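In what follows, a single structure is set out as structure tokens and then discussed.
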Amino acid sequence: MEAFPSLLHGLSVAIQPMNLVFAIIGVFLGTAVGVLPGIGPALTVALLLPVTYKLDPGGSLIMFAGIYYGGMYGGSTTAILINTPGESASLATAIEGNKMAKAGRGGPALATSAIGSFVAGTIATLGIAFLAPWLVEVAINFGPADYFALMVLAFVTVSATFGASPLRGLTSLFIGLALGLVGIDELSGQARLHYGVPDLLDGIEVTTLAVGLFAVGEALYVASRHKGAPEKLEPVRGSLWMTREDWKRSWKPWLRGTAYGFPIGALPAGGAEIPTFLSYATEKRLAKHPEEFGHGAIEGVAGPEAANNASAAGTLVPLLTLGLPTSATAAMMLAGFQQYNLNPGPLLFAERPELVWGLIASLFIANTMLLVLNLPLVGLWVKLLAIPQHWLYAGILVFATMGTIAAKPSVVELSMLLVFGLMGFLMRRYDYPVAPVVIGLILGPMAEQQLRRALAISLGDPIALVESPLAAGLLGLSFLALIAPFVLKGLDRFKADED
Amino acid sequence: MNDKRRRRLDVSGLIIALGLLVIAILLRRDAGHMPPPPAYARIGPEAATNVVALGLVVLGLATAYTAWRGAGVEPERADWGPVALITLAFVAVIAIIGLGGGFILASAVLFALTSRAFNRRALLVDFGVGLALGLGAYLVFAKLLTLTLPSGPLEHLF
């Protein structure tokens, strides 16, 4: 399968007028929701999922591409203008961008973030287009044991390796895995953990979990500690346009950020935090005026923003080619596929190429639309930011509830939304990461099936799990990734003792 | 979080550890009720349940150990009133939908009470805003996008 003809075919799907309309609606809604403070891209996708329920899969996935990139873009606008990053990946943007906005340079900050996102998104989407067919060729030979090993690696990296605390990350993951057990087991038909409630037999909906943890949990958390006044919204003063000097200082960080973001995003390592912080550190080191960092350096917006976008696009590589979600946002995208009983992976490339390549091509289109739409519309997004906090969270909860009952009109589902909301609140309060729960819920049952298939093929011989060199290598890597944080922590303590 | 400080015994950590162990016991009991897997399948639906239960036991013990050593950090004081109010709002929504009050009414109650939890003092105005928002959402999603939303007396007017 050649990348170029497939991509052209995808473009021919994506530029059909109806699909262009879907893309523009997606970009618009994605930005509008993503711009609201406290809403990251994962929640943006989760909240907008109901909008796509009644569309055909093609149009809906194209709208999704727009929502995905729009949500990312909206998040950085918020970070720059009110210094409330919706996710830790926009932290660097918030540091420098907000300082720029305070100094009256909000326009160039928004511009470098928009153009940087466009550059990074375009390069990364090209990366997907060329990497995906190759990975699909490789993945077609994967056996259940390989998939299982890959999923174990994703579990470990998402929860333990890159989080603040491996113990907390793993705890979150196992709560997700436990939730994933609920319902009828697909291989044997055995019902697990249903406690006589018929609604639980279908298992726990990923969207209900994500909306509960992210939206309701966040609202409860903010409400519990809103004694401190909310951050001030910085008006966009002066020109939106970047000066020649701004361009000169931005283009290299864009490219370097992309170079960090895409590969790290494409590895089953999850999270855009690492590439954004790497990019921030690199730009600080290479900058001609490192003293500007912390006071509004444009490089500190350009690099991390590009890294963030490139890594978000990178996570689509394992998602589309292997069906492996490595971030909460990717998990929501997978939920979007699953509502049509579509399972991303090598088979989908073979069976529904127009769907997959249409999606990839519309990533290009969504990216371009964002660039054209967003800078002129920045006034509108700023107005959305000015919605008072009490109405904002009240509105978010109304839409969270609506999404849940639209997916499954039952009182049980609403009760679960509340329970997950309270859980999300407590997890935030006690510093447990939320994303591993979502990954555990969606990936847990998949890993279990692959494991049982592998063992059934080998007639129960566990050696089968490490017989393929790939599976053995991945499991070994998972083990290293699991113990690495503990070893490094030990080293830290050792160093501290020495001082 | 400004007022984080170390303390000797981390009580919340111990409670979390206890919670993890309770979940592990629930999983283990559930696995105990499952029939043994047929011979061809080697391992059945109980295996994963047991593995997750075992993992939770290990994590629970590790959490208890760190809590005992007092490595925990106390979160800042929470304001529990708004949390209780939003929880109450959701209970009200569940009751309204369960009793056939419909989506729009439920939205209005949720909107007004949440807004109140965020220190806003205009309950009637917010109830009106919530009604309008619920109606708008209902018209767009139920009529335009033909999603099924719970109907009540208000919805039957349209």
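By Kyte-Doolittle mean hydropathy of at least 0.5 and Cα axial length of at least 30 Å, which whole DSSP H helices of chain B are selected? If you can, show how the numbers build up before the last one.
Working: long enough: B:11-32 (32 Å, 1.82); B:45-69 (37 Å, 0.98).
TM-like helix candidates: B:11-32, B:45-69.
Where the centroid of each part is defined by its Cα atoms, how far is the range A:1-46 from the range A:393-434 in Å?
26
Note down the net charge around A:Glu299, summing +1 for each Lys or Arg and -1 for each Asp or Glu among other residues with Cβ under 14 Å from its Cβ. The partial results should precede the final answer.
Numbers: positive: A:Lys99, A:Arg105, A:Lys248, A:Arg249, A:Lys252, A:Arg256, A:Lys284, A:Arg285, A:Lys288; negative: A:Glu96, A:Glu245, A:Asp246, A:Glu283, A:Glu291, A:Glu292, A:Glu305.
Around A:Glu299, the surrounding residues sum to +2.
Tell me, how many Å apart are the Cα centres for the range A:60-115 and for the range B:74-122?
What the calculation gives is 30 Å, centre to centre.
Simple spin-label model, 7 Å along Cα-to-Cβ: A:Asp431 to B:Thr148 in nm?
Calculated label separation equals 4.6 nm.
With the cut-off at 15 Å, report for the range B:11-69 the share of all Cα pairs above it, as a whole percent.
Working: 898 of 1711 pairs.
Percent of Cα pairs beyond 15 Å in the range B:11-69: 52.
Give me, ordered by chain and number, the residues 5 or more places off A:Arg192 or on other chains with an amide H under 5 Å from its own placed amide H.
Under 5 Å from the amide H of A:Arg192 lie the amide H atoms of A:Gly183, A:Ile184, A:Asp185, each far enough along the sequence or on another chain.
Give the Kirkwood hydrodynamic radius (Å, one decimal) of chain A, defined as one over the mean of 1/r across all pairs of different Cα atoms.
Computed over Cα pairs of chain A, the Kirkwood hydrodynamic radius comes out at 23.0 Å.
Testing the spin-label approximation: label points 7 Å from Cα along Cα→Cβ at A:His194 and A:Val21. State their distance in nm.
Those two pseudo-labels are separated by 4.2 nm.
Once the piece of chain linking A:Trp247 and A:Ser415 is laid out straight, how much longer is it, given 0.36 nm per residue of separation minus the C-alpha distance between them?
Net length gain for the segment: 55.3 nm.
Can you give the calculated 222 nm mean residue ellipticity of chain A, where each DSSP H run of n ≥ 4 adds -39,500 (n - 2.57) and the sum is split over every residue, rounded to the nearest 500 deg cm²/dmol?
The per-residue figure over chain A is -23500 deg cm²/dmol.
What are the equivalent ellipsoid semi-axes of the range B:19-158, built from the alpha-carbon gyration tensor (square roots of five times its eigenvalues), in whole angstrom, biggest first? Provide the component values of the computation, followed by the final result.
Details: eigenvalues 377, 151, 24 Å².
They are 43, 27, 11 Å, listed from largest to smallest.
In nm, give the distance between the simple-model label positions of B:His33 and B:Ser12, each being 7 Å from the Cα along the Cα-to-Cβ direction.
Once both label points are built, they end up 3.4 nm from each other.
Work out the length of the dipole vector of chain B about its Cα centre, built from +1 on the beta-carbon of each Lys and Arg and -1 on the beta-carbon of each Asp and Glu, and round it to the nearest 20 debye.
480
If the limit is 19 Å between Cα atoms, which of A:Lys99/A:Lys284; A:Lys248/A:Lys383; A:Lys252/A:Lys284 go over it?
Flagged as over cut-off: A:Lys248/A:Lys383.
Quick one: pull the percentage of alpha-carbon pairs in the range B:80-157 with a separation above 14 Å.
Values: 1826 of 3003 pairs.
Considering the range B:80-157, 61 percent of its Cα-Cα pairs are separated by more than 14 Å.
Counting Lys +1, Arg +1, Asp -1, Glu -1, what net charge surrounds A:Ile184 among other residues with beta carbon under 11 Å of its beta carbon? Write down the numbers at each step before the final one.
Values: positive: A:Arg192; negative: A:Asp185, A:Glu186, A:Asp202.
Spelling it out: positives minus negatives among the neighbours equals -2.
Please name which of A:Gly300, B:Ala31, A:Trp357 has its Cα lying farthest along the dipole of the protein assembly as shown towards the positive end, using unit charges on Cβ (Lys, Arg +1; Asp, Glu -1) and the Cα centre as origin.
Positive-most Cα among the choices belongs to A:Gly300.
Please list, by residue number, everything in the range A:253-288 whose backbone N is under 20 Å from a paramagnetic label point 7 Å out along Cα→Cβ of A:Val487.
Once the point is set 7 Å along Cα→Cβ of A:Val487, A:268-269 turn out to lie under 20 Å by backbone N, inside the range A:253-288.
Where the only charges are on Cβ atoms (+1 Lys, Arg; -1 Asp, Glu), what is the dipole of the protein assembly as shown about its Cα centre, to the nearest 20 debye?
Values: 42 positive and 42 negative charges, 323 e Å.
Its charge dipole is roughly 1560 debye.
None of the figures in this text is laboratory data; all of them are computed from the coordinates on show. What you see is a predicted model, and the numbers here were worked out from it, not measured in a lab. When we count neighbours, we look across all protein chains shown, and the Cβ atoms used for this are built from the backbone with ideal geometry, even at glycine.
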